[in-house]
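Undergrad: Sharing a structure below in structure tokens format, with a few things to ask.
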Amino acid sequence: MSTNNSKQPTRMSRNSGQRFSSKPKHGWQLFRKIMYLVFAALFVVILAGIGLFFFYAQSAPEVSHDQLASDTSTRIYDSSGSLVSKLGAQDRDYVKNKNIPGTLKQAVVSIEDKRFYKHHGVDPTRIMGAAVADLTGNSLGLQGGSTLTQQLVKLSVFSTAASDRTLKRKAQEAWLAIQVERNYSKAKILEFYINKVYMGNGVYGMQTAAKYYYGKTLSNLTLPQLALLAGMPQSPTSYDPVKYPKYATQRRNTVLTAMVSNNVITSQQAAQAKATNVSSGLVTSHTTTSSSLSKNSKVIDSYLKTVYSELKKRGYNTNTGGLKVYTNLNLKTQKHLYNTVNNDSTVAFPSNKFQVGATMVNSKNGKVVAMLGGRKVGNVSFGLNRAVQTDRSSGSTMKPLMDYGPAIEYLNYPTYQPVQDTAYTYAGTNKQLYDFDNKYQGTITMRKALVESRNIPAVRTLEAVGISKATKFLGGLGMTFKDQLTLQNGIGAYISSEQEAAAYAAFANGGVYHKPYLISKVTTSDGKSKTYSSKGKRAMSKATAFMITDMLKGVMTNASGSGTAANISGLYQAGKTGTTAYPSNYSSTVPSDAAMDSWFTGYTKNYSLSVWTGYDRQFKTGHYIPESETKIAQLIYKSEMTYAQQNKSNTNWTAPSDVVGVTKNGTQEYYVSGHPGTSAIADSGTTNQYSSSNNTSSSRYSSNSQTTGTSESESSTESSTDNESSTSTEQEPGGSGNGTGSNDTSSANSTSNATSTENSPTTTN
């Protein structure tokens, strides 16, 4: 029995066996449940992805043949809508498919999209392969998961900026790539791509690149040369064979390796090509790039440079954006300004080193209609733009902006306000301020002080106004400064011709300031447009603007005015001169009447024009402006304003309702209603009439009829009231102290130690 019993399984053994055999069954069921859940979740995700894809695809822009075939240059139009320049591919030499070497096609496909001839615009296999390659580090330079067709779509329709690499854009890009594949053959798509890609140095398209780098067409290039071109679009700047031959060699060899992998060349061919120096065949003299090919390139160079600066500040891609940019440029006015400073024999420029910076704005809206950044600059593209530089002192053109404008605005000064032209020493120092003639006229009117551009009354007026209020007034005119302004700045600060033209335009426009701007509209490659304008803001009262304008007329029309050379007979206009003298420690090396800078800023109701003249290296031997040449800025103004105004209205300013006219000493004066000021003006013996009229009854004007009277040049820009030549200019930039020392016979050392956009230049004292 014991034997039989031993053969029967016990209950424990049976139970144990049952438990053992149930484990795999339960584990498999659990695994299957997990897999079901995973696949179900994956299915839901796929459905959601498909739904999201088609949702984004519905809002995708259309892609046309013109977009695929056209270049991606930025087109610039003037104010009349005429194309004036293109940055990018206007020099592109389009090559048809039949003329594209088969080797180049094979190279492009091998490095950019190996399965190009197998997919239909989007390649799931490529996407997975690119992901694996990225993880293993064996990508052979492939461009992620984007097919060559997707890259073409991106270049044709979308921005290439990193900020635009969104899921929505990728979905739309893929959708459009599928549409492109349905409508065009593979050969045509490859043709579009080869002609569109950016190749560095302002060159678009591989045919253009072949001519730029090798001086040949694509059909005449060797295997290593074609391989280099095929690889450049990934990073055209880094793979420039001239600037970076090491990286260019590496990229070329990567392309050759990809071609071997794609079975289009042999390993032996690749080895021979890799052994070729990447610099072999490169030309030393490149074909002119597209940005400088425009027939207007020299004429509008500075204007274009500022346009591109504005575009970049607004976030636009000027290299591959395919933008249409509509500007405020008046091309005819721009050409006249260019010709005046480069080809006009009536303006006696002393040398080709003598430079000009000028800006003209529409007084009513801030549109920059013309801008010139230099003269005789050769073939330099996008060179120094002196129209916007802020490292040269504005001289006495600052007086209406910082001294007399605020005095009327905040202190209600009348135009006949008594001001003192007497000995002046800057507070807390022993440094005296002098006028250009080193003389004093005693008590004179504010009008006389401004017309004759006398320094001491200007600084005394600023002192009465206060730096705080004067700075506030300048801020309303678009001028901010890094450092605190001082009394010195009342007769000179570091601002640009663009800033000054816009500020003076506020006087012309009844006290309303418009920030100057060059771009009126931008249309992107997907057809979306955005317009731009400058919203006007009141910077001063109508009374201030009118009274300053009325006084500034005399600068040009009065025999003792400092700007008579700029006068245009019969034209209602106003303006101001400005010059700067050399610092005292340098003044002994130049003639006593030498100036570093000479300005003239003037305006009509239509336009405001600011002109700076001088030398880039003003301390170089011979690079000073003698008294006879300080008129050049005025002559440039006269020529340009005469041209700009020839078909425009010529109307005078009228006094606003709160301004009262009164005759004093035979001169029409004005005051703000309720603020007549002091009527007892000490008579200094002068009988000059500081009338606001233009000394003509004609409503037309001629550039050949200049009212000069007994005009002299501004003794280094400011006229003397007697027959003696003055020996100094209005002010002397460059010092850190207030005013000049007692041993300095020139005028005040009134350099601004502030600037609107950059640190002030330093000079020694």
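The values are calculated or read from the model by the stated rules, or taken from the named source; none is laboratory data. A quick note: this is a predicted structure, and the numbers were derived from the prediction, not measured. Remember, those area values only see protein heavy atoms, side chains included, never the ligands or the DNA or RNA. Shrake-Rupley method; radii C 1.70, N 1.55, O 1.52, S 1.80 Å.
Undergrad: Among 517, 316, what's the order by accessible area (1.4 angstrom probe), most exposed first?
TA: Values: 517 20, 316 45 Å².
Descending accessible area places them as 316, 517.
Undergrad: Then there is this: With every protein chain left in place, what is the accessible area of residue 548 in Å² (1.4 Å probe, nearest 10)?
TA: 0
Undergrad: Going by accessible area, probe 1.4 Å, with all protein chains left in place, what is the ranking of 82, 639, 219, largest first? Don't jump to the answer; show the numbers that get you there.
TA: Numbers: 82 55, 639 30, 219 80 Å².
Ranked list, largest accessible area first: 219, 82, 639.
Undergrad: At 1.4 Å probe size, with the rest of the protein present, what percent of the exposed accessible area of region 176-265 is carbon and sulfur atoms? Write out the running numbers ahead of the final one.
TA: Values: 1470 of 3080 Å².
Carbon with sulfur: 48 percent of the solvent-accessible area.
Undergrad: With all protein chains present and a 1.4 Å probe, how do 65, 119 order by accessible area, largest first?
TA: Details: 65 85, 119 10 Å².
Result, largest first: 65, 119.
Undergrad: For residue 569, what residues show an amide H to amide H distance below 5 Å, using hydrogens built from the backbone and excluding near sequence neighbours?
TA: 702, 705, 707
Undergrad: Suppose all protein chains stay in the model; what accessible area per residue would a 1.4 Å probe give for region 181-340, in Å²?
TA: Working: 6660 Å² over 160 residues.
Result: 42 Å² per residue.
Undergrad: What accessible area, in Å² to the nearest ten, does a 1.4 Å probe give for residue 38?
TA: 70
Undergrad: Accessible area of region 453-507 with a 1.4 Å probe: how many percent of it is carbon plus sulfur? Write out the running numbers ahead of the final one.
TA: Numbers: 680 of 1400 Å².
Percent of accessible area from carbon and sulfur atoms in region 453-507: 48.
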